[in-house]
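The values are calculated or read from the model by the stated rules, or taken from the named source; none is laboratory data. Predicted model, so just to flag it, every value in this text is computed and none were measured. Here the Cβ is made from the backbone with ideal geometry for all residues, glycine too, and neighbour counts use every protein chain on show.
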Amino acid sequence: MTSSESKKPAILVVDDDKDLLELLRIKLIKEGCEVIISKNGEKINELIAEKNPDCILLDIHMDGINGTDICKKLKSQEPTCDIPILLLSGNHNIEKIAAICGADGHISKPLDIRLFAQKIKDVLKLRYFL
């Protein structure tokens, strides 16, 4: 998926739903990705600095911290502003929310796992090939 065939794309998934995290982890590994999991966004800056993800999947409703606030902050900072962020949500207006907070896209819940995988591939292609 990347321009460097030896490097697996690293995807950071932040969601407080442990079952969804496991499902996404399994699917992303099958797609050839390295997966970094976080059950909340409290230490997201440390994870990003340590793991240098190629894409972030971010739930907007988590205990303690709002994913839209995290997205706005990451998109406003120089070291993280170019990392693609896809918001995860079951909100009916997720497209509008994603646009307002500067996300690069969204994935609606409940997930269609095939569409999910294609959206990740598309984001990674844009990052590495355009």
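At-a-glance table
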read-out: Residue within the stretch 41-61 that is in contact with a Ser or Thr (Cβ under 8 Å, 6 or more places away or on another chain), buried (at least 19 other Cβ atoms within 10 Å of the Cβ), in a strand (DSSP E or B) and touching a residue at least 24 places away in the same chain (Cβ under 8 Å) present; value: yes
read-out: Residue satisfying all of: in the stretch 32-63; in contact with an Asp or Glu (Cβ under 7 Å, 6 or more places away or on another chain) and not basic (Lys, Arg); nearest to ASP112 (Cα to Cα) among these; value: ASP59
read-out: Where MET1 falls short, out of the listed (1) at pLDDT 95 or above; (2) surrounded by 13 or more Cβ atoms within 10 Å (Cβ to Cβ); value: (1)
read-out: Unmet criterion (only one of (1) under 12 Å from the mean Cα position of the chain (by Cα); (2) part of a helix (DSSP H, G or I); (3) at pLDDT 90 or above) for HIS106; value: (2)
read-out: Check on LEU23, under 20 Å from LYS119 (Cα atoms) and over 13 Å from the mean Cα position of the chain (by Cα); value: yes
read-out: Subset of the stretch 66-100 (residues that are surrounded by 14 or more Cβ atoms within 10 Å (Cβ to Cβ), without any contact (Cβ under 8 Å) to a residue 40 or more places away in the chain and outside any helix (DSSP H, G or I)); value: ASN66, THR80, ILE83, ILE85, LEU86, LEU87, SER89, ASN91
read-out: ALA103 in contact with a His (Cβ under 8 Å, 6 or more places away or on another chain) and buried (at least 16 other Cβ atoms within 10 Å of the Cβ); value: no
read-out: Answer from ARG127, ARG114, ARG25 - the residue that is in contact (Cβ under 8 Å) with a residue 60 or more places away in the chain and charged (D, E, K, R); value: ARG127
read-out: Residue identified as of a type in the set (Asp, Glu) and closer than 18 Å to LYS39 by Cβ among ASP82, ASP112, ASP54, ASP63; value: ASP63
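Quick grid of which residues meet (1) farther than 17 Å from VAL123 by Cβ; (2) modelled with pLDDT of 95 or more; (3) more than 13 Å from the chain's Cα centre (by Cα):
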position: LEU12; (1), (2), (3): no, yes, no
position: GLU34; (1), (2), (3): no, yes, no
position: LYS43; (1), (2), (3): yes, no, yes
position: HIS61; (1), (2), (3): yes, no, yes
position: SER76; (1), (2), (3): yes, yes, yes
position: ILE83; (1), (2), (3): no, yes, no
position: ALA98; (1), (2), (3): no, yes, no
